[in-house]
Amino acid sequence: MKNEWPLWEVFIRGQHGLAHRHVGSLHAPDAEMAIRHARDVYTRRNEGVSIWVVKASDIAASAPGEKEPLFDPSNAKIYRHPTFYDIPDEVGHM
Amino acid sequence: MYAQMVKSTGERPKTLDEMSPEERAFQARVDADIKIEPKEWMPEGYRKTLIRQIGQHAHSEIVGQLPEGNWITRAPTLDRKAILIAKVQDEAGHGLYLYCAAETLGISRDEMTEQLLSGKAKYSSIFNYPTLTWADIGAIGWLVDGAAIMNQVQLQKCSYGPYSRAMVRICKEESFHQRQGYDIMMKLCAGNAEQKEMAQDALNRWWWPSLMMFGPSDKDSVHSAQSMAWKIKPMSNDELRQKFVDQTAPQAEYLGLKIPDPVLKWNEAKKGYDFGEIDWNEFYEVLKGDGPCNKERMAARRKAWTDGQWFRDGLMAHARKKRARKMAAE
């Protein structure tokens, strides 16, 4: 088991100017090979202009159970949305 | 704007013939509206100018929390207080997006902070004016954030990918800022004579400083040509200022407020407003550090940085200890 290839998470920039997006993962012995594999696995139909790979073990993630404490508080803060304020049409777009 | 006077190379843009093959290829990408990304080759001047511009922009977001934070404890209602807290919190977030965008160009966050605290890096002159009444919070949202949006909307098209993407995110969040400001102004203007007077007084004090946010007039803007050639700055200072006046004058009219400019008048021929000349002396004085609140703002930032030192160090020490413990266990 010692020689098992580590897992890499793959991020592809779909178009110039856009941010990289997570598309999936793969196994590879090192970063260089991970990029080569990512090219073969995830961009066969010209899906990207750039690839990032990150070792899955280097990603820290929130736990599914944390969803409520993390995200519920913002539900009540409707004043963060522009539509909370009634702006008359006469003054133009704002 | 939030970056008002960004020094570029100080030279006119090179012609295609004067460029090295690398520079020519780079310029061709910029001209074709292909975004430049962190690890690509870029001219040193491009990198440095962007660091200055994004840095100034980031510092402005951070220092900009101070004049508004001044009213959090005195907001007139609980609703207004919650809104103001949310807005100031957004500004902190915007500062962070921008610092990160600048960091992709090879400068660290601490270096940028040090440049701000030493006075080497600038922030927008607008935040060196005091917030004397509650109406100032309305005026800032309406005018200052209005001017910021005007600038940031065009910066979404900036040639540098990370900056452009930060702008997209910021613009999405910014609309609420302007609307809550205008909402405060509408409330005050629909109130009693004293409240309306308060709104007028705020407009009187914030109008000209808001126009100064767009930076020197194009004819005095020595660094603009290069920044525009690199598409770091898609529109000129005067173009943006004109757009801002055209957008804002009818909004003031709706409120029943008078913009403090005797020359301001609709010009049918140019389909825009004519307006008076900015007091450029004041602009350069404030930028140089002699505005009404420059010393106070910098003192507050220095205090926050120094007082937070033990906390930053403490968390790093804790993280190091945790890592060592984990390694020992493995």
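The values are calculated or read from the model by the stated rules, or taken from the named source; none is laboratory data. Please read these numbers as outputs of a predicted model, since none were measured by experiment. Cβ placement follows ideal geometry from the backbone for every residue including glycine, while neighbour counts extend to all protein chains displayed. Each accessible area value is taken on the protein alone, full model and side chains, heavy atoms only, with ligands, DNA and RNA left out. Shrake-Rupley method; radii C 1.70, N 1.55, O 1.52, S 1.80 Å.
Within region B:189-212, is even one residue open to solvent by 30 Å² or more (accessible area, probe 1.4 Å), aromatic (Phe, Trp, Tyr) and part of a helix (DSSP H, G or I)?
Yes - at least one qualifying residue is present in region B:189-212.
Would it be correct to say that residue B:101 is within 12 Å of another protein chain (Cβ to nearest Cβ), farther than 30 Å from residue B:135 by Cα and not polar (S, T, N, Q)?
For residue B:101, the condition - within 12 Å of another protein chain (Cβ to nearest Cβ), farther than 30 Å from residue B:135 by Cα and not polar (S, T, N, Q) - is met.
Quick check on region B:76-87. Is at least one of its residues in contact with a helix residue (DSSP H, G or I) (Cβ under 6 Å, 6 or more places away or on another chain), charged (D, E, K, R) and at pLDDT below 95?
No: zero hits.
With B:159, B:164 as the choices, which residue is surrounded by 17 or more Cβ atoms within 10 Å (Cβ to Cβ) and out of contact with any Cys (no Cβ under 9 Å at 6 or more places or on another chain)?
B:159
Is region B:25-35 home to any residue that is aliphatic (A, V, I, L, M), more than 14 Å from chain A (Cβ to nearest Cβ) and more than 25 Å from the chain's Cα centre (by Cα)?
Within region B:25-35 (the criterion being aliphatic (A, V, I, L, M), more than 14 Å from chain A (Cβ to nearest Cβ) and more than 25 Å from the chain's Cα centre (by Cα)), the answer is yes, since at least one residue qualifies.
Within 18 Å of the chain's Cα centre (by Cα), among the hydrophobic types (A, V, I, L, M, F, W, C) and open to solvent by less than 80 Å² (accessible area, probe 1.4 Å), is that true of residue B:232?
Spelling it out, residue B:232 is indeed within 18 Å of the chain's Cα centre (by Cα), among the hydrophobic types (A, V, I, L, M, F, W, C) and open to solvent by less than 80 Å² (accessible area, probe 1.4 Å).
Any idea which residue in region B:304-329 is modelled with the highest pLDDT, counting only those that are charged (D, E, K, R) and within 34 Å of the chain's Cα centre (by Cα)?
B:307
Say we look at region B:135-156 and pick out the residues that are surrounded by fewer than 23 Cβ atoms within 10 Å (Cβ to Cβ) and of a type in the set (Val, Ile, Thr); which of these is farthest from the other protein chains (Cβ to nearest Cβ)?
Checked region B:135-156; the qualifying residue farthest from the other protein chains (Cβ to nearest Cβ) is B:153.
Give B:32, B:75, B:28, B:121 a once-over and let me know the one that is surrounded by fewer than 17 Cβ atoms within 10 Å (Cβ to Cβ) and either more than 18 Å from residue B:164 (Cβ to Cβ) or in contact (Cβ under 8 Å) with a residue 60 or more places away in the chain (or both). Write out each step before concluding.
Details: B:32 fails: either more than 18 Å from residue B:164 (Cβ to Cβ) or in contact (Cβ under 8 Å) with a residue 60 or more places away in the chain (or both); B:75 fails: surrounded by fewer than 17 Cβ atoms within 10 Å (Cβ to Cβ); B:121 fails: surrounded by fewer than 17 Cβ atoms within 10 Å (Cβ to Cβ).
None of the others qualify; the one that does is B:28.
Have a look at B:40, B:44 and point out the one that is at negative phi, of a type in the set (Asp, Glu) and either within 14 Å of another protein chain (Cβ to nearest Cβ) or crowded, with 17+ Cβ neighbours inside 10 Å (or both).
Residue meeting the stated conditions: B:40.
Please give the strands (runs of 3 or more DSSP E) falling wholly within chain A in which 1 or more residues are within 14 Å of another protein chain (Cβ to nearest Cβ) and among the polar types (S, T, N, Q). I'd like the intermediate steps shown before the answer.
Details: elements: A:7-13, A:20-27, A:50-55.
Once the strands (runs of 3 or more DSSP E) in chain A are filtered for at least 1 residues that are within 14 Å of another protein chain (Cβ to nearest Cβ) and among the polar types (S, T, N, Q), what remains is A:50-55.
Any residue that is touching a residue at least 24 places away in the same chain (Cβ under 8 Å), in contact with a Ser or Thr (Cβ under 6 Å, 6 or more places away or on another chain) and open to solvent by 20 Å² or more (accessible area, probe 1.4 Å) - is there at least one of those in region B:283-290?
yes
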